[in-house]
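Beneath this line is the structure, given in structure tokens, with notes to follow.
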Amino acid sequence: MSSIEKEAKKEAFRKYLESTGVLDALTKVLVALYEQNEKPSSALEFIQQKLGGPTIAEHEKLQAELSDLQIRYNELLAAHQEQCRELEELKNSHSGQSTVQKKNDENDEGTSNDTL
């Protein structure tokens, strides 16, 4: 890639950042950081907060919450699947009993008709 192509690519990218508001947002955040009398211990965290992102502590808290919720979801899913299996077993056993009961009823009717 020639130097002219590289410059054109850089200029296109700069225009993209400018048109999407990125340059303006970053400039405002950097000016706010510059104007801080007491500089924050973490400039990166300051920038993340100003741009609307979570702090490192908030991110870690959200990660822990996500992990807890995933565990709870897995537990509930396993319980649900077990209950579905039990329901199927009950349906099958009830279905089997119904078939036996129908056969018994048919046999009883056949026997009572024979005696008439």
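Every number in this text was worked out from the coordinates using simple rules, so none of it is lab data. A quick note: this is a predicted structure, and the numbers were derived from the prediction, not measured. Every residue, glycine as well, gets a Cβ built from its backbone with ideal geometry; the counts of neighbours run over all protein chains shown.
Count of segment 22-69 residues, restricted to those that are among the small types (G, A, S) and within 30 Å of A12 (Cα to Cα), is 5. Among the residues making up segment 1-34, those that are surrounded by 11 or more Cβ atoms within 10 Å (Cβ to Cβ), farther than 25 Å from Q49 by Cβ and basic (K, R) are K9, R14, K15.
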